[in-house]
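A quick write-up on the structure given underneath.
The values are calculated or read from the model by the stated rules, or taken from the named source; none is laboratory data. Small disclaimer: the values here were computed from a predicted structure and weren't measured. We place every Cβ from the backbone using ideal geometry, glycine too, and count neighbours over all the protein chains shown. Surface accessibility is based on the protein's heavy atoms, side chains included, excluding ligands, DNA and RNA. Shrake-Rupley method; radii C 1.70, N 1.55, O 1.52, S 1.80 Å.
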Amino acid sequence: MDTSDSWLLSRVGARLLAASAGGFAGWWFGKQIGYPATTCMAAAASAVLILSVNDTLKGHRLLDWLRTPEAAPPALPGMWGEVAYRVQRVVHLKDERIAQEQARLHEFLSAIEASPNGVMLLDANDQITWISSAAADHFGLNPQRDLMQRVTNLVRQPAFVQYLAAGDYRDVVKCQMSHGTQTVLQILVRVYGDGLKLVLSQDITERERSDTMRRDFVANVSHEIRTPLTVLNGFIETLGSLPLTEVERKRVITLMTQQADRMQGLVSDLLTLAQIEGSPRPASDRWIKVDALMERIETDGRALSRERHPMHFITETGGKHCEIAGIESEWLSAMGNLVSNAVRYTPEGKGIDVKWLSLPDGGAEFSVKDGGIGIAPEHIPRLTERFYRVDGSRSRETGGTGLGLSIVKHVVQRHGGELRITSESGKGSTFTLSVPSVRVRLV
């Protein structure tokens with residue numbers, strides 16, 4: 001016999017017992033007044049009625065609690081107490097399961113939020129039902145305000161709108177977003193459930209920029225090498241087919257040597273840049289004397305200038321000897337490039353100031369200030385790009401390869417510093433290498 005059957009028997013038994021006790025009491029009282037049968041039946045019915053009313057009141061108390069099961073259950077005896085306990089237990093188990101599922105959902109959403117890729121959920125009408133912070137940033141949306149809005153009303157990029165409307169999601173689509181900053185997104189849509197859509201977005205701006213730089217780099221290298229090769233081939237044909245005087249022959253050989261030197265310088269800079277990019281970060285326990293570096297840079301700078309520019313080399317270290325950590329050849333290359341650029345692009349007679357300065361925070365700065373024509377502000381952010389020239393023809397005339405500042409930038413970044421450029425058209429330029437304190441010491 002199960003529990004429900006025992007409850008039923010106990011309730012039936014309780015009412016039979018109440019009816020029997022009430023009937024016996026009514027019969028005894030009725031016998032005294034001469035109506036034993038009538039009083040017996042009335043007393044038995046009253047006992048059952050009282051028990052039923054009491055039972056109904058308990059049921060109403062239980063119903064009141066069930067309307068707000070968050071409160072504590074009423075203390076009821078018997079079956080109703082057991083029902084309240086079991087209901088409370090079921091509600092508690094349900095709450096535990098809901099809490100567990102909510103925790104799992106929170107962990108899942110937290111994992112999505114931690115991803116650099118954006119995730120957006122759309123219903124069958126392309127309305128946004130959920131959006132991650134990365135996706136909101138990608139599409140310029142608000143994760144709360146824009147919920148249940150049609151996505152194509154908010155994201156009007158034509159490529160995305162056409163891709164979403166076409167319904168063919170086998171391939172990804174690239175979109176140029178223009179909210180705030182120019183961002184390139186790679187978007188993929190997957191359909192699930194009953195017409196629901198999962199929109200995945202990835203920021204590929206840097207990848208696209210790298211691809212563009214790589215294509216430009218190959219094109220620029222080809223162009224830079226093709227020009228001197230064309231000149232050399234022309235001179236070789238001239239030497240082989242035309243009778244030249246000794247003066248003409250020497251002039252042709254001189255020009256050929258210049259073009260060969262130009263190609264050699266280009267290849268040398270390319271190899272230097274490739275070596276720097278492919279090498280591990282320089283160790284911080286190899287110390288180089290700054291005085292020796294400045295002497296070599298001054299010697300090379302004055303030899304390149306040939307006394308055409310007033311040059312000043314200053315080392316301010318507070319009366320102590322300064323040393324920097326890193327690779328000596330790389331520091332020489334970076335500092336020497338700045339000095340040689342200043343010599344090339346500064347008109348004759350204009351001054352050049354080269355300075356090493358120890359800073360109060362323990363770091364240091366190496367700066368080169370020239371008296372050249374200056375650089376327009378729109379060119380400054382791109383100066384460290386490979387082969388970028390403000391004036392291409394003038395750069396080639398002065399012997400530049402277009403890789404010098406790229407080398408400087410990579411060297412100083414590998415050593416934990418940065419390159420700063422300040423300039424104004426007509427008033428010269430200042431190039432500053434900052435060296436972090438961990439790579440500088442005074443002895």
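Any idea which residue in region 278-330 is nearest to residue 343 (Cα to Cα), counting only those that are of a type in the set (S, T, N, Q) and part of a helix (DSSP H, G or I)?
305
Search region 95-124 for residues that are small (Gly, Ala, Ser) and pair each with any residue that is part of a helix (DSSP H, G or I) and open to solvent by less than 50 Å² (accessible area, probe 1.4 Å) when their beta-carbon atoms are under 6 Å apart and the residues are at least 6 apart or on different chains.
From residues that are small (Gly, Ala, Ser), the pairs are 118/134; 118/135; 118/138.
Go through 344, 382, 394, 389 for me and flag whichever is of a type in the set (Lys, Arg), open to solvent by less than 60 Å² (accessible area, probe 1.4 Å) and modelled with pLDDT under 90.
Only one candidate qualifies: 389.
Given the conditions (1) over 20 Å from residue 355 (Cβ atoms); (2) touching a residue at least 60 places away in the same chain (Cβ under 8 Å), report the number of the one that residue 321 does not fulfil.
Among (1) over 20 Å from residue 355 (Cβ atoms); (2) touching a residue at least 60 places away in the same chain (Cβ under 8 Å), residue 321 violates only (1).
Touching a helix residue (DSSP H, G or I) at 6+ places or on another chain (Cβ under 8 Å), open to solvent by less than 50 Å² (accessible area, probe 1.4 Å) and over 20 Å from residue 200 (Cβ atoms): is that true of residue 119 in this structure?
no
For residue 405, only one of the following conditions fails: (1) at pLDDT 90 or above; (2) surrounded by 21 or more Cβ atoms within 10 Å (Cβ to Cβ); (3) aliphatic (A, V, I, L, M). What is its number?
Going through the list (1) at pLDDT 90 or above; (2) surrounded by 21 or more Cβ atoms within 10 Å (Cβ to Cβ); (3) aliphatic (A, V, I, L, M), residue 405 breaks only (1).
β-branched (Val, Ile, Thr), modelled with pLDDT under 80 and at negative phi: does that describe residue 314? Quick ask: steps written out before the conclusion?
Numbers: β-branched (Val, Ile, Thr): yes; modelled with pLDDT under 80: no; at negative phi: yes.
Answer is no for this residue.
From the set of residues in region 314-331 that are crowded, with 17+ Cβ neighbours inside 10 Å and under 18 Å from residue 431 (Cα atoms), which is farthest from the chain's Cα centre (by Cα)?
Among them, the one singled out is 315.
Can you tell me how many residues within region 162-217 are open to solvent by 50 Å² or more (accessible area, probe 1.4 Å) and of a type in the set (Gly, Ala, Ser)?
Residues in region 162-217 being open to solvent by 50 Å² or more (accessible area, probe 1.4 Å) and of a type in the set (Gly, Ala, Ser): 6 in total.
Quick check, is residue 216 part of a helix (DSSP H, G or I), of a type in the set (Asp, Glu) and within 25 Å of residue 137 (Cα to Cα)?
No; evaluated as a whole, the condition is false for this residue.
Scan 275, 264, 259 and give me the residue that is more than 30 Å from residue 313 (Cα to Cα), within 47 Å of the chain's Cα centre (by Cα), in a helix (DSSP H, G or I) and not small (Gly, Ala, Ser).
Residue meeting the stated conditions: 259.
Can you go through 271, 255, 359 and tell me which one is open to solvent by 30 Å² or more (accessible area, probe 1.4 Å), aliphatic (A, V, I, L, M), under 30 Å from residue 218 (Cα atoms) and out of contact with any helix residue (DSSP H, G or I) (no Cβ under 7 Å at 6 or more places or on another chain)?
Matching residue, one of 271, 255, 359: 271.
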